Every structure is written in structure tokens, then in C-alpha cells.
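The values are calculated or read from the model by the stated rules, or taken from the named source; none is laboratory data. Just so you know, these numbers come straight off a predicted model, no measurement behind them. Note: ideal-geometry Cβ built from the backbone for every residue, glycine included; neighbour counts use all protein chains shown.
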Amino acid sequence: MLNKNGILIFIVLISGMVGSAMQKLEHSETKKPNIIFIMSDDHTWQAVGAYDSRFKYLNPTPNLDKLAKSGMVFDHAICGNAICTPSRASIMTGQYSHLNGVLTLDDALPESKQYLAHEMRRAGYQTAVIGKWHLHDLPTAFDYYKVLPGQGKYFNPEFFETGKKKKFRVEGHSTDCIMDAALEWFATRRKGDQPFFLKLHFKAPHDYFKNAPRYDDYLEEVAMPEPLSLWARGEGSVATRGVDGELERVIGTSIGRRNFRRSYDADWEVDEGLSDAEAKREAYNVYLKKYLRCVKGVDDNLGRLFAYMEQEGLLENTVIVYTGDQGFFLGEHDFQDKRWAYEPSLRMPLIVSYPKTIPMGVRSDALVENIDFPATLIDFAGVSVPDYMQGRSFRSILETGEEAEDWKQAAYYQYWMHMAHHDVPGHIAMRTKRYKLIQFYGTAGVRGYRSERSWESTPAGWELYDLEKDPTESDNVYDHPDYTAVQVELKKQFKQLRVAVRADQVNENLPIEAQQRMAEVNRMIEANWVYEVAAKEAAVQQSKIYAERFADPKQTEPYVVPWLRPGTLDPSEK
């Protein structure tokens, strides 16, 4: 029989063990989640199976679809400036382009403005970024980086890496190489006693698409499903088509031969003997197969990541976000690329999974913007969102499926690179759940865009779409009498939104050239706000001027691939 002291000692030991177990349980319950932010370049929502697009039956993204079933899918995730560098800057800063100063592909994000990395480190996270960065200055605010120079190469990519003075080359396809680097980081650099924040960015499926050879036969015998607007572009406006269509062959690069300066028909060297319709269909099929082969490579590599995380027991306590840096046109309206405020471009795929607090298999129609992404990640990290960020956390939407009463009902959009690269005019837009209002302000760009087309103003105009009745944005109802009251109310709301997001101001912290550009753009926005007789007549005249200069194929300069701003990183591969 144990003596009294022995019994007491036994009781103390047992109680100590229980206390230790309780402390471990409490620690596990309060432990900060790991966070992985995954982003593919130009991976549009239409090419994710979870979005029920015309490509769903092809099953291009089984691993992403599985992630979607484990979390929440957003149907109205909006990019505020649908082009690579500005979108990435908004995700790093929580600010619109006009505030963070990254208006175009030429603008850089210095270490001092790499806010998301700074905030996550302050929250106690080990931080890393791997893959495509594309913000010119190296991501030195992160604990670790291994990033492509500029746009990077699809095959045998080069990387800059923390602690190495020179870039170096890795053999293989970029998607595989980027995932290899991420798995290596997990195996050799991740600190098990510290939560991690990893930004994992793929180059694919960015134009011009180059898939790994193992996908060469994927979809080879499949005829790609076509959007109706590939053949019937929709009404548009004088700003996008000119008077009586005189700018149709000039504005917006094309799939077929419509845009004589730049098209996939020319890019993929479609047989010149084909009719225009046959050439468009051929170019479309080549384009979509190349694109989806790149998507397949990304999804398969995500399968590698998710398998590793499951094996290591990391899935349960990790917030996983998947998105693209904006949308992308897959033949809609006979457009290439992104940049436009139309749905294929403006909308981003957004899937968020976190088993501990986010319900499974839920969709949200809340309007969220890419400026909201960093605020949400910081919220999950357990710290307050800084005042300098314009975005708001949507963590409560993720965890409850409900919008707060004061949640935003409109998203702001502004594209600055007037008629550069893909011949898209400068414009602003407001997106609500039902409507989209767009103003093409027509102000000329700058000579830095390296195209004479950007040096001349295009006609100003307005477009209004009822997305409930017209989801393909084919019927511009701006001047339709049934929408007069709607138009007036939306323009009032739009003006208030511009004030609220500070888009009506000139950012005095930017270089003088950028300030001058902002001032001129804002002047033209105001000049065309009341779009009546005088403004419409001016648009007609400007359409004719632009057509005289650029609508004749014999007088227009051929497409010259631009170099991006020289800087710390190499220029774009394009």
C-alpha cells in the first residue's frame, strides 16, 4: 500500500500531466493558422471547373475543384486594374493603383511598399514568395524569395534567390520548377515552430502559352466549345467600335483577323488560304488548347502540393487561397488578353479553404476586391488591418457566409494603359451585383507605351450593362429609355465611389509625370461625365480622326514587342 506521501505524489503527477495536456490543447486551439496564397498568371474563372463554365465538362482543374468543395467559392471577386503588375501591387498593398502608384506594367513596388510581407512578419510569420513576382524591385521584404526575373521563361527558367547575387537557371518547365522550389522550401527551410505565410505564384497560363511536353496530346481531338460572342461581339459604343464600326479593326486585339495589327490568327500562323471564319475557328482552337494545357500543368502540380500537405498534417491548420491575378478572355467578344472592365477580364477566380472555420462547399455572391485580399490574410493572422490599406477583411463572410450590413455594394475599376499592347482604351468602371457602368474617357497615353496608337486620344463614351438580363454584356443600355432612371442613379453612385476611394484626387506622392497623367485623366472624366450633345459630337469627330490615322492596314506600324521598364529584374519575356 502506498503511503500518504506516495499517494500525494501520484496525484500531483497525474494532475500535472492533465494540466500539461490542457495547455497543449489550448495552444493548438489558439495557434495561428499557416497561410498559403496561390496565384496563377491569367488563370481566369472560366477555366476553373468550380465556376460551371462551358469548359467544365473537360475537367481541366480536378484538384482546384476538390479545394473548392472543401471551402468557399466567390462569384464576384473583382480586380481593380486587370493587368499583371498593378493587380499584384494591389494584393501586396491593399490599395488601388492610383494610391500605391503602380498604374502600369512599367511601375515598381519597392521594399518599403511591400506591405503585406511586412505585416505578416510583424504578426510572427515566417514569410516566403516563390514563382512569378513581376513587380520589378526584388521582394526583399520577405524572409525568403525565389522569383522569376520579370515575366520569366516557360522553359529552363531563371530565378533570383535570397542570398544569391546573380540569377541562375533551372532545367525544366516553369510550373514544375516553381512547385519543386516550393516543396524544397517546405522540406528544408520551413520552421516547424512558427506559422508560415507562403505566396506561391505560377507563370502559367500567361500568354504566349507553352505547356510541358507531357501535355502535348491533351485535348488534341476535342473541338473547343465557343462563346456566342466570338462571332457576335455585341453592341459596345462609339468608344469601342467607332462611328458605324470604323474602329472595329483597330480597338481590341483579336482571335481572328479583325484586328489587322495583332491577332491569334497571325500569332499561331494560321493558314492564309482559310476564309476569315475558318481562320478564326482554327486560331481559337489552337489558342484554347495551348491555354488549357498550361492550366492542366498548374492543377497537376497543385495536386503535388496538396498531397504533401496532407502527408505532413498541414491541411487542417492552413488557410489556402487560390486566385488568378485577374481574369482573361477565352474568345469572348473576339478579344485577347485582359485589361477590359468586361466580366471575362475583371472577374477573378477566388477559392478559400480553411477546415477549422470555413464551411465546406459554399458559394458567396459578395463583392470582394483584390485590395481586400491582404486585409483578410492579416485578419486570419490575428492582427489589426492597418489604416493605410483601402481594402477590408472578408473573413466574416468566409466564416458565416453572410455579408455585414455595411459591406460594399460596388467595386471600382480603372485601366490606365491607353491603347498599349492590346489596343484597349483607358477607362473607369463601377461593378455592382446587377449592373456595370463604364466610362471610356479617351485620353491619350504616354510615349513610354511605345506605340503611336497610344499617343492619340480615342473617342469618349459610356456603356451600361444589366448583368442580370445580359450576362454576356452584349446589349449596351446606357441610352435606352427604360434605363434612364437607373443610369442617373448609377452615375451618382459612381461619382460618390470615386470620391470614397480617392480616385478623383491627384496623388502628390507620385512622380510628377504620373501626377500630370492623373490630372489629365480626371479632367477628361469630368468633361465627359455629362455625356450629351456636345460630348457625343466630340466623340464622333475623335472617332474619325483616329480612324484616319490608324484604320488603314497599310498605314499602321506592325506590332513591336515592348520591353518593360529597366530595373532590378529583367524585362518581360514577351
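In the set Glu468, Glu473, only one residue is within 20 Å of Glu343 (Cα to Cα), of a type in the set (Asp, Glu), buried (at least 17 other Cβ atoms within 10 Å of the Cβ) and within 27 Å of the chain's Cα centre (by Cα); that residue is Glu473. Could you tell me whether Ala514 is over 24 Å from Gly461 (Cβ atoms) and modelled with pLDDT of 95 or more? No; evaluated as a whole, the condition is false for this residue. Only residues that are assigned to a strand (DSSP E or B) and not small (Gly, Ala, Ser) were counted across the stretch 57-83, and they come to 4. Figure legend. Inter-residue proximity from the stretch 487-511: first residues touching a residue at least 40 places away in the same chain (Cβ under 8 Å), second residues of a type in the set (S, T, N, Q) and assigned to a loop (DSSP other than H, G, I, E, B), beta-carbon distance below 9 Å, spacing 6+ or different chains. Indicated pairs: Leu490/Thr432; Gln493/Gln409; Gln493/Thr432; Val501/Gln390; Arg502/Gln390. Taking every residue in the stretch 54-67 that is under 14 Å from Leu288 (Cβ atoms) and in contact (Cβ under 8 Å) with a residue 60 or more places away in the chain and pairing it with any residue that is of a type in the set (A, V, I, L, M) and surrounded by fewer than 17 Cβ atoms within 10 Å (Cβ to Cβ), at least 6 positions away or on another chain, the pairs with Cβ-Cβ distances below 8 Å are Leu58/Val222. Of all the residues in the stretch 218-247, those that are in contact (Cβ under 8 Å) with a residue 40 or more places away in the chain, under 28 Å from Ala535 (Cβ atoms) and crowded, with 19+ Cβ neighbours inside 10 Å number 10. Only one of the listed residues (Arg339, Arg392, Arg304, Arg363) is touching a residue at least 60 places away in the same chain (Cβ under 8 Å) and either part of a loop (DSSP other than H, G, I, E, B) or of a type in the set (Gly, Ala, Ser) (or both). That residue is Arg339.
Among the residues of the stretch 168-192, the ones that are without any contact (Cβ under 8 Å) to a residue 60 or more places away in the chain and assigned to a loop (DSSP other than H, G, I, E, B) come to 4 in all. The residues on offer are Val298, Val250, Val286, and the sole one that is under 27 Å from the mean Cα position of the chain (by Cα), crowded, with 24+ Cβ neighbours inside 10 Å and assigned to a helix (DSSP H, G or I) is Val298.
Residues checked against (1) buried (at least 22 other Cβ atoms within 10 Å of the Cβ); (2) outside any loop (DSSP other than H, G, I, E, B); (3) at pLDDT 95 or above; (4) of a type in the set (Phe, Trp, Tyr):
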{"residue": "Glu399", "(1), (2), (3), (4)": "no, yes, yes, no"}
{"residue": "Glu403", "(1), (2), (3), (4)": "no, no, yes, no"}
{"residue": "Gln409", "(1), (2), (3), (4)": "no, no, yes, no"}
{"residue": "Met417", "(1), (2), (3), (4)": "yes, no, no, no"}
{"residue": "Pro425", "(1), (2), (3), (4)": "yes, no, yes, no"}
{"residue": "Leu437", "(1), (2), (3), (4)": "yes, yes, yes, no"}
{"residue": "Gly442", "(1), (2), (3), (4)": "yes, no, no, no"}
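Scanning the stretch 317-350 for residues that are of a type in the set (Val, Ile, Thr) and over 11 Å from the mean Cα position of the chain (by Cα), we see that the one that is farthest from Thr240 (Cα to Cα) is Thr318.
Here is a list: Ile378, Ile371, Ile358, Ile351. Which entry is of a type in the set (Val, Ile, Thr), closer than 28 Å to Leu490 by Cα and crowded, with 19+ Cβ neighbours inside 10 Å?
Just one listed residue meets the conditions, Ile371.
Pro86 satisfies every condition listed in (1) buried (at least 22 other Cβ atoms within 10 Å of the Cβ); (2) assigned to a loop (DSSP other than H, G, I, E, B) except (2). Among the residues of the stretch 26-45, not a single one is at pLDDT 95 or above, out of contact with any Lys or Arg (no Cβ under 8 Å at 6 or more places or on another chain) and either more than 30 Å from Gln114 (Cα to Cα) or in a helix (DSSP H, G or I) (or both).
For (1) in contact with a helix residue (DSSP H, G or I) (Cβ under 9 Å, 6 or more places away or on another chain); (2) under 30 Å from Gly71 (Cα atoms); (3) not aromatic (Phe, Trp, Tyr), each residue gets a yes or a no:
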{"residue": "Gln390", "(1), (2), (3)": "yes, yes, yes"}
{"residue": "Glu399", "(1), (2), (3)": "no, yes, yes"}
{"residue": "Glu405", "(1), (2), (3)": "no, yes, yes"}
{"residue": "Ala411", "(1), (2), (3)": "yes, yes, yes"}
{"residue": "Gln414", "(1), (2), (3)": "yes, no, yes"}
{"residue": "Asp423", "(1), (2), (3)": "yes, no, yes"}
{"residue": "His427", "(1), (2), (3)": "yes, no, yes"}
{"residue": "Tyr435", "(1), (2), (3)": "yes, yes, no"}
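Picking from residues in the stretch 109-129 that are over 21 Å from the mean Cα position of the chain (by Cα) and hydrophobic (A, V, I, L, M, F, W, C), the one that is surrounded by the fewest Cβ atoms within 10 Å (Cβ to Cβ) is Ala123. Quick check: is even one residue across the stretch 193-208 surrounded by fewer than 18 Cβ atoms within 10 Å (Cβ to Cβ), part of a loop (DSSP other than H, G, I, E, B), of a type in the set (S, T, N, Q) and in contact (Cβ under 8 Å) with a residue 24 or more places away in the chain? Yes: the stretch 193-208 contains one or more residues that are surrounded by fewer than 18 Cβ atoms within 10 Å (Cβ to Cβ), part of a loop (DSSP other than H, G, I, E, B), of a type in the set (S, T, N, Q) and in contact (Cβ under 8 Å) with a residue 24 or more places away in the chain. If you filter the stretch 444-475 down to residues that are part of a loop (DSSP other than H, G, I, E, B) and in contact with a Pro (Cβ under 8 Å, 6 or more places away or on another chain), you find that the one that is modelled with the lowest pLDDT is Arg450.
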